[in-house]
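Q: The structure is given below, and queries will be raised subsequently.
Derivation of every value follows stated rules applied to the coordinates shown; laboratory data play no part. For clarity, every value in this text was computed on a predicted model and none was experimentally measured. Cβ placement follows ideal geometry from the backbone for every residue including glycine, while neighbour counts extend to all protein chains displayed.
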Amino acid sequence: MAATFIHTCYRVLDPARSEDFYVNKLGMKKVGEMDLGSATNHFFALEEDPASPMLELTHNHDQAEPYDKGNGYAHVAFTVDDLEATVGDLKGQGVTVTLEPKTLTADGNDYRIAFVEDPDGYKIELVQRGTMKVGEMYQ
């Protein structure tokens, strides 16, 4: 089976607040939306490329309470060119930082990470580009 990873989906309470975070703070582009009647799906990507994986943010119009994230969700991750500068910039914009930049060692490799939260409390890992030696996409 030839499969292509196309998106990850979160449910959000306030799509405008989420769009501000993902577009103005993380630098993603809004690439489309789908009106489903009782819900609207908003799609974001790092590139306007049909092959680029997207983040789908679903706004269920009748949802008023924050979503329960359960105990299985961990995070999504983005690589950045300058981890310290990115975290400093996000903090300056009021983004919650849950882990300051830190060096971890695995398999003899040091890599740099930090964690922030989006407006709905979803964890986002930021990885210093070139430090996590897992696959070509991290180089």
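Q: How long is the chain along each principal axis, judged by its Cα atoms, biggest number first, in Å?
A: That works out to 51, 41, 29 Å along the principal axes.
Q: For a Förster distance of 41 Å, can you work out the FRET efficiency between the beta-carbons of Lys123 and Ala2, rounded to the nearest 0.05? List each step's numbers first, then the result.
A: Values: r = 31 Å, r/R0 = 0.75.
Result of the calculation: an efficiency of 0.85.
Q: Could you tell me what percent of the DSSP beta bridges with both partners in segment 7-60 are antiparallel, to the nearest 5? Please report the intermediate quantities before stating the final value.
A: Working: 13 of 18 bridges.
Looking only at bridges with both residues in segment 7-60, the antiparallel portion is about 70 percent.
Q: I want to verify the translational diffusion coefficient of segment 76-138 in µm²/s; compute it with Stokes-Einstein, Rh as the Kirkwood radius over Cα pairs, at 10 °C and 1.306 mPa s.
A: On the way: Rh = 12.0 Å.
For these conditions, the coefficient is 133 µm²/s.
Q: Any idea what angle helix 83-92 forms with the longest principal axis of the chain, computed on alpha-carbon atoms, 0 to 90 degrees, nearest 10?
A: The helix 83-92 is inclined about 40 degrees to the chain.
Q: Using a Gaussian network for the chain with springs between C-alpha atoms less than 10 Å apart, which of these wobbles most: Ala114, Ala74, Ala106?
A: Looking only at Ala114, Ala74, Ala106, the largest GNM fluctuation is found for Ala106.
Q: Place +1 on the Cβ of every Lys and Arg and -1 on the Cβ of every Asp and Glu in the chain, take the dipole about the Cα centre, and give the residue among Pro53, Gln128, Thr96 whose Cα lies farthest towards its positive end.
A: Gln128
Q: Here's another thing I want to ask about it. Which of Ser52, Ser18, Ser38 comes first, and how do the rest follow, when ranked by fewest Cβ neighbours within 10 Å?
A: Working: Ser52 13, Ser18 21, Ser38 9.
So the ranking, lowest neighbour count to highest, is Ser38, Ser52, Ser18.
Q: I would also like to ask the following. Give me the number: length gained by fully extending His61 to Val23, i.e. 0.36 nm times residue separation minus the C-alpha to C-alpha distance, one decimal in nm. Numbers along the way, then the final one.
A: On the way: separation 38, 0.36 × 38 = 13.68 nm, distance 2.15 nm.
Additional length available on full extension: 11.5 nm.
Q: Pairs of alpha-carbon atoms within less than 8 angstrom and 6+ residues apart define the contacts here; what relative contact order does the chain have, in percent?
A: On the way: 239 pairs, mean separation 27.7, N = 139.
Contact order relative to length: 20 percent.
Q: Which of the trypsin sites (Lys or Arg not before Pro) found in segment 60-125 are loop residues per DSSP with 16 or fewer other Cβ atoms within 10 Å of their Cβ?
A: Values: sites: Lys69, Lys91, Lys102, Arg112, Lys123; in loops: Lys69.
Sites meeting the loop and neighbour criteria: Lys69.
Q: Taking the alpha-carbon set of segment 7-60, what are its Rg and Dmax in Å?
A: 10.4, 29
Q: Below 8 Å, C-alpha to C-alpha, sequence gap of six or more: please give me the relative contact order for segment 1-48 in percent.
A: Working: 37 pairs, mean separation 12.7, N = 48.
In percent, rounded to a whole number, it is 26.
Q: Mind checking segment 1-77 for GluC sites (Glu not before Pro) that DSSP puts in a loop (not H, G, I, E or B) and that have at most 16 other Cβ atoms within 10 Å?
A: Numbers: sites: Glu19, Glu33, Glu47, Glu48, Glu56; in loops: Glu47, Glu48.
Here the sparse-neighbourhood loop sites are Glu47, Glu48.
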